[in-house]
Amino acid sequence: MPNKAINIILFMYTLYFLNNYKVFANDFIYYRGEKKEIHKVDTKKYILLKSKIDTNNPGKSIALFSDKLIDHGTIYLNLNLNTIVPPKEKIKEWIVIQTEDKEAQPIKDNEEVLYESSFYCTNDGDTIGVSHLFYVKLKSEKDIDKLKQIAVDNNIKILGNNKYMPLWFVLACDKNSKGNALEMANLFNEEQEFDMVKPDYLLEYTP
């Protein structure tokens, strides 16, 4: 009986360790070829919106967060991208909000929200923000099937590749992906199947 109890305790400890390691494993960035520890800032959020922002006459999307809004901008997909994405999908608007309400309805449940993720900070106190995009460079054209399979497995969209640098692909996360863009970029990096993987850092929040 004592041995059985010990085995159960060890099993539960192993599950706890694996679960917490999985969370911790995403809390880093690759910076100049090395892993750099970072920490999630749950009170600061990047949100990709379905509707267009009109700052003079706030529409439904921005009005929902107007009391928390601290930044906003627009993402344009590169015109040099080989893509089948419709023109209206090439322009997306985002906001950054500050929130302290832990009991509020999850942001991603809002129908106007296409994607949301937390900001991060480094041990030096620098703030890092990442959009819903990240970039993957293949080692060769033959690796496209690997790219597609990992993208499908994690509910990630492949938006296209660069016309002049065809090994570079742009990928996009949404609220149905299995992680945010930084976590998915880390996952692609850990696969060690690709030449390079880079998150799309927000200009004002680059490490």
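Every number here is computed from the coordinates shown, using simple stated rules; none is lab data. Bear in mind that the values here come from a model prediction, so they are computed numbers and not experimental data. Positions of Cβ are backbone-derived with ideal geometry, glycine not excepted, and every protein chain shown enters the neighbour counts.
Grab the beta carbon distance between E37 and D174, set R0 = 25 Å, and tell me the FRET efficiency rounded to 0.05.
0.40
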Given a Förster distance of 30 angstrom, what is the FRET efficiency for E191 paired with D109, based on the Cβ-Cβ distance and rounded to 0.05? 0.45
Pairs beyond 28 Å (Cα-Cα), from K35/K175; K108/K139; K146/K198; K35/K178; K50/K142: K108/K139; K50/K142
Report the GluC sites (Glu not before Pro) located in segment 105-137 that are in a DSSP loop and have at most 11 other Cβ atoms inside 10 Å of their Cβ, or state none. E111
Give the peptides 139-145, 37-43 in descending order of average Cβ contacts within 10 Å, highest first. 37-43, 139-145
Figure the gain on full extension for V152 and E100 (residue separation times 0.36 nm, minus the Cα-Cα span) and round it to one decimal in nm. 15.3 nm
Estimated inter-spin distance, Y30 and T74, nm [label 7 Å along Cα→Cβ]: 3.2 nm
Cα pair distances of segment 138-184 binned at 5 Å [whole percent]: 5, 22, 30, 22, 15, 5, 0
